[in-house]
Amino acid sequence: MTEKTPTPVITVKDLYKVYRIGENRVRALNGVSFAINKGEFCAIVGTSGSGKSTLLNMLAGLEKPTKGEIIIAGEHMEKKSENQLVKFRREHIGFIFQSFNLMGTMNAVENVALPLTFQGVPKHERTKRAKKMVHMVGLDKYWKHKPNQMSGGQQQRVGVARALVVDPEIIFADEPTGNLDSNTSREIMNLMQSVVHKHGKTLIMVTHDNYLAGFADRIIRIVDGKIVDMIDNTQKDEKDKKEEGDKSNEKG
């Protein structure tokens, strides 16, 4: 039986982003090329100023590239208008934020259901789908709680559920555990890993933390706007990943 060839859901070709600062030109991205397969958990790792957040913004269509191609689900992001990008994000993409970005006046289910309102989903269907996602992230007892009644880890679980409720092909996560302690971070990473593998989602996470990157299937390391390393992480067990993360953090 032949193995199925992985299907790229994201292809990036020769991507540049150049900013003008006074008389200077700063290359935030300097000729980046790679592909991410459907159902893959990919971590983009780098220090502050490496270009990792710029790259995430480009993939999400939040910034236009200076040069190069970004093809997501067969569509060229760099050729789309702002209105087309908004529509594309609404239909294909979920976001998990470092600062949770929950609405303080809404309970957990209402926060999770919010993206569905922009899709015109009827209220009873929104609530039904949101409750299913809240259950999936293990927050059955908290679905009526508002953000200020939940811990940071619980709030981020709501954030994960909100990203998933629209059934996106791709999830972008920007330093998703940056405001959490190490134990809670591990719980959230295990949850995200489980979501990717059980539900076939493609997850791209930006982080500066090598241990957290160890949860990903593949690590793309970026320095000064260039990719310097790509690591296939699928063959390593949890102990190896932790040891590698500890060593890398010692170097950093």
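The values are calculated or read from the model by the stated rules, or taken from the named source; none is laboratory data. Here the structure is a predicted model, which means the values were calculated and not measured. When we count neighbours, we look across all protein chains shown, and the Cβ atoms used for this are built from the backbone with ideal geometry, even at glycine.
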Only unsatisfied item for Asp14, checking (1) loosely packed, with under 14 Cβ neighbours inside 10 Å; (2) on the phi > 0 side of the Ramachandran plot; (3) modelled with pLDDT under 95, is (3)
Here, strands (runs of 3 or more DSSP E) confined to the stretch 1-65 with at least 3 residues that are of a type in the set (Val, Ile, Thr) are 8-21, 24-37
Out of curiosity, is Glu40 touching a residue at least 24 places away in the same chain (Cβ under 8 Å), in contact with a helix residue (DSSP H, G or I) (Cβ under 6 Å, 6 or more places away or on another chain) and among the acidic types (Asp, Glu)? no
If you go through the stretch 158-181 one residue at a time, how many are of a type in the set (Gly, Ala, Ser), at pLDDT 90 or above and either farther than 27 Å from Lys87 by Cβ or in contact with a Pro (Cβ under 9 Å, 6 or more places away or on another chain) (or both)? 2
Unique residue being touching a residue at least 60 places away in the same chain (Cβ under 8 Å), charged (D, E, K, R) and either assigned to a helix (DSSP H, G or I) or under 19 Å from Cys42 (Cα atoms) (or both) when the list is Arg162, Arg186: Arg162
Among the numbered criteria (1) more than 22 Å from Gln193 (Cβ to Cβ); (2) modelled with pLDDT under 90, which single criterion is violated by Phe97? (1)
Kindly list the number of the only condition in (1) within 16 Å of the chain's Cα centre (by Cα); (2) crowded, with 22+ Cβ neighbours inside 10 Å; (3) not hydroxyl-bearing (Ser, Thr, Tyr) that fails for Gly39. (2)
Are there any pairs, at least 6 apart or on different chains, whose C-beta atoms fall under 8 Å, with the first in the stretch 111-134 and over 21 Å from Asn101 (Cβ atoms) and free of Cβ contacts under 8 Å to residues at least 12 places away in the same chain and the second surrounded by 12 or more Cβ atoms within 10 Å (Cβ to Cβ) and among the hydrophobic types (A, V, I, L, M, F, W, C), and if so, which? Glu125/Leu116
Per the list (1) part of a helix (DSSP H, G or I); (2) at pLDDT below 90, residue check on Gln155 breaks on (2)
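For (1) crowded, with 18+ Cβ neighbours inside 10 Å; (2) among the β-branched types (Val, Ile, Thr); (3) modelled with pLDDT of 90 or more; (4) more than 26 Å from Lys198 (Cα to Cα), each residue gets a yes or a no:
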position: Glu75; (1), (2), (3), (4): no, no, yes, no
position: Lys79; (1), (2), (3), (4): no, no, yes, yes
position: Gln84; (1), (2), (3), (4): no, no, yes, yes
position: Val109; (1), (2), (3), (4): yes, yes, yes, no
position: Val112; (1), (2), (3), (4): yes, yes, yes, no
position: Phe118; (1), (2), (3), (4): no, no, no, yes
Residues (among the hydrophobic types (A, V, I, L, M, F, W, C), in a helix (DSSP H, G or I) and surrounded by fewer than 23 Cβ atoms within 10 Å (Cβ to Cβ)) located in the stretch 196-227: Val196
Evaluate the stretch 22-35: report whether one residue or more is within 28 Å of Ser185 (Cα to Cα) and aromatic (Phe, Trp, Tyr). yes
Check Asn233, Asn190, Asn179 and return the single one that is out of contact with any strand residue (DSSP E or B) (no Cβ under 7 Å at 6 or more places or on another chain), under 26 Å from Pro6 (Cα atoms) and of a type in the set (S, T, N, Q). Asn190
